[in-house]
Amino acid sequence: MDESMYNAILLALLAVSILLFLRPGGSSRRRRPPGPRTLPVIGSVHHVVNTLVHRSLRDLAAVHGPIMMLKVGPMPLVVVTSRELAREVLKVQDPNFANRPRLLVGDICGYGCADIIFAPTTDYWRKIRKLCIHEVLSPKRILSFQFIREEEARRQVEAIRAAGPGTPVNLTRMLYDISSRTISRSSFGEVRPDMAVFQDAIKRVIGLSSGFNVPDLFPRLRGALGEVSGMKRKLREIHQTFDAILVDIIEKRRRERALMAAAGKEVVDENVVDVMLTLQEGDAAAWGFPLTDNTIKAVVLDMFAGGTGTSGSSTEWAMSEIVRNPRVMKKLQEEIRSTFRGKAVVTETDLRNSDLKYLKLVMKEAIRLHPAAPLLVPRESIAAAELGGYEVPAWSRIVVNAWAISRDPRYWEDPEEFRPERFAEDGAADFHGLHFEFTPFGAGRRMCPGYNYGLAGMQMALLQLMYHFDWELPPGVDEVDMEEAMGLGCSSCSVPLRLRRELICPPGVDEDLNIYVYVFTC
């Protein structure tokens, strides 16, 4: 081949390459999202293991952009950190990105991913979600548990009153006690003596559910790594603990319902287990899948995990922010106390008939800064797709960093500041899945179906604590420790935080009461 022919071939190849490069979408479909440098074998695992992952990923996104890909073993991990890309994942391309990756915790503790949170996007998931929305988490059902929320909030108020001056009270334990007792009574009609054991097991499950544990990062080796790391052993122990309790609960309710029926009494659905048992005893085929005891257990677990996370953790964060911001506390208390002046007891009916706008703004701002799930539960792409001008391979794991987006200065003015008034502005974002800079409960078909249940408890708890008590930092304490804990949810886990709580009597009620207590949270 002479030199002129050789050069002609090179020019032709160069021309074809340029044309392919310039062709719309030609190169972008082959480009993968940028990301940090990887290490041999482990890839990017060192960026996400044993860290506060939402913060680490936010810092990496500041370098690599709003869409980036980490190599986690053989699995591509695509992280989205912008409102526009979150909209693509959660709405525009929701059908492709709505699947759930198989996690070890879902296989073992979720009864083979029989729950709503971890079930893959299959016909079963669509049907169990429909059942829960219509039968378990409907507005009517949530309203039917009103008296439980009122009683539990009132119980804690009286407990603080009875504690006496200077008595230590654990705020974190108190708030989780309210949420867990409320959910316990709503789910199976009682607060069992082993409820502390059950609640501890749920907390441990949540802590192992982030999807960033080593076995979950290597799907093909998940089983072997789960054994070697000891994660499988931990999950089996946790599963055995709460499964024994759930079996006892279901069998007890069956016996009680059978005795009522034998006595000719009407069997009333008093709690979630009753509702599920009624459906199981009735025409289960109407839902299109067998309603087994494991299904009932999985639904109850979702209730506890979601309810305590939203209600307990979010209320704790809200109280921490309120105490740090005396201006907000004063404005909130003025609204609540002027509205219910003279009432010794405030009910949810009173709450619904009032217009406590600032309370709702405070709740939104607390959830913006401290979403219960900083990283939305991981998704998985079904097919290859284009996202942000890059190709996302099929079966990639997709993570939306809701925490980072809700603190992004591109969408929020003074994003680190606790300023509830921002939600009163025209066009302010809301958390109903339409504003993608604020998605604490997700959006699209995978949006959390039970967030209203958790928010009802949070609203009632904050109302009672702000109505009946004044709160301030004690002498010598200048700042609240806002350290976070790792896990699927993000809770406060600080050294003991001393808060002085001044108990006051309800406005307009003639009662000589002036009790000071110290509250510790950790």
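The values are calculated or read from the model by the stated rules, or taken from the named source; none is laboratory data. Computed from a predicted model, the values in this text were never measured in an experiment. Because the Cβ atoms are built from the backbone with ideal geometry, glycine has one as well, and the counts that use them run over all protein chains shown.
What pairs can you find where one residue is in the range 405-423 and assigned to a loop (DSSP other than H, G, I, E, B), the other is surrounded by fewer than 13 Cβ atoms within 10 Å (Cβ to Cβ), and their Cβ atoms are less than 7 Å apart, with a gap of 6+ or different chains?
Arg407/Glu416; Pro415/Pro409
Among the residues of the range 87-128, count how many are farther than 15 Å from Val377 by Cα and in a helix (DSSP H, G or I).
The initial filter retains those residues of the range 87-128 that are farther than 15 Å from Val377 by Cα, namely 87-88, 91-93, 95-96, 107-109, 111-112, 114, 122-128.
Remaining after also requiring in a helix (DSSP H, G or I): 87-88, 91-92, 95-96, 107-108, 123-128.
Qualifying residue count for the region: 14.
Based on this model, can you work out whether Ser320 counts as in a helix (DSSP H, G or I), of a type outside the set (Phe, Trp, Tyr), out of contact with any Phe, Trp or Tyr (no Cβ under 8 Å at 6 or more places or on another chain) and surrounded by 19 or more Cβ atoms within 10 Å (Cβ to Cβ)? Lay out the reasoning, then the answer.
Working: in a helix (DSSP H, G or I): yes; of a type outside the set (Phe, Trp, Tyr): yes; out of contact with any Phe, Trp or Tyr (no Cβ under 8 Å at 6 or more places or on another chain): yes; surrounded by 19 or more Cβ atoms within 10 Å (Cβ to Cβ): yes.
So Ser320 passes the test.
Sort through Phe212, Phe242 and tell me the only one that's assigned by TED's automatic domain parsing to the domain that holds Ile183, at pLDDT 85 or above and at negative phi. Before you say what the answer is, go through the steps one by one.
Values: Phe212 fails: at pLDDT 85 or above.
Criteria check complete, one pass: Phe242.
I want to confirm something. Restricting to the range 129-141 and keeping residues that are part of a helix (DSSP H, G or I) and of a type outside the set (A, V, I, L, M, F, W, C), which single residue is farthest from Leu277 (Cα to Cα)?
Pro139
On the given criteria, is Lys71 of a type in the set (D, E, K, R) and farther than 13 Å from Leu387 by Cα?
Numbers: of a type in the set (D, E, K, R): yes; farther than 13 Å from Leu387 by Cα: yes.
Considered against the rule, which asks whether it is of a type in the set (D, E, K, R) and farther than 13 Å from Leu387 by Cα, Lys71 comes out as yes.
Suppose the filter is under 29 Å from Val377 (Cβ atoms) and modelled with pLDDT under 50; does Ser28 pass it? I'd like the intermediate steps shown before the answer.
Details: under 29 Å from Val377 (Cβ atoms): yes; modelled with pLDDT under 50: yes.
Judged against the criteria, Ser28 is a match.
So is Ser311 of a type outside the set (D, E, K, R), surrounded by fewer than 21 Cβ atoms within 10 Å (Cβ to Cβ) and modelled with pLDDT under 95 or not? Explain how you work it out, then say what you get.
Values: of a type outside the set (D, E, K, R): yes; surrounded by fewer than 21 Cβ atoms within 10 Å (Cβ to Cβ): no; modelled with pLDDT under 95: yes.
It is false that Ser311 is of a type outside the set (D, E, K, R), surrounded by fewer than 21 Cβ atoms within 10 Å (Cβ to Cβ) and modelled with pLDDT under 95.
So which pairs qualify, if the first residue must be in the range 307-322 and more than 21 Å from Leu137 (Cα to Cα), the second must be modelled with pLDDT under 90 and assigned to a helix (DSSP H, G or I), the Cβ gap must be under 6 Å, and the two must be at least 6 apart or on different chains?
Partner pairs satisfying both residue conditions: Glu316/Thr172; Glu316/Leu175.
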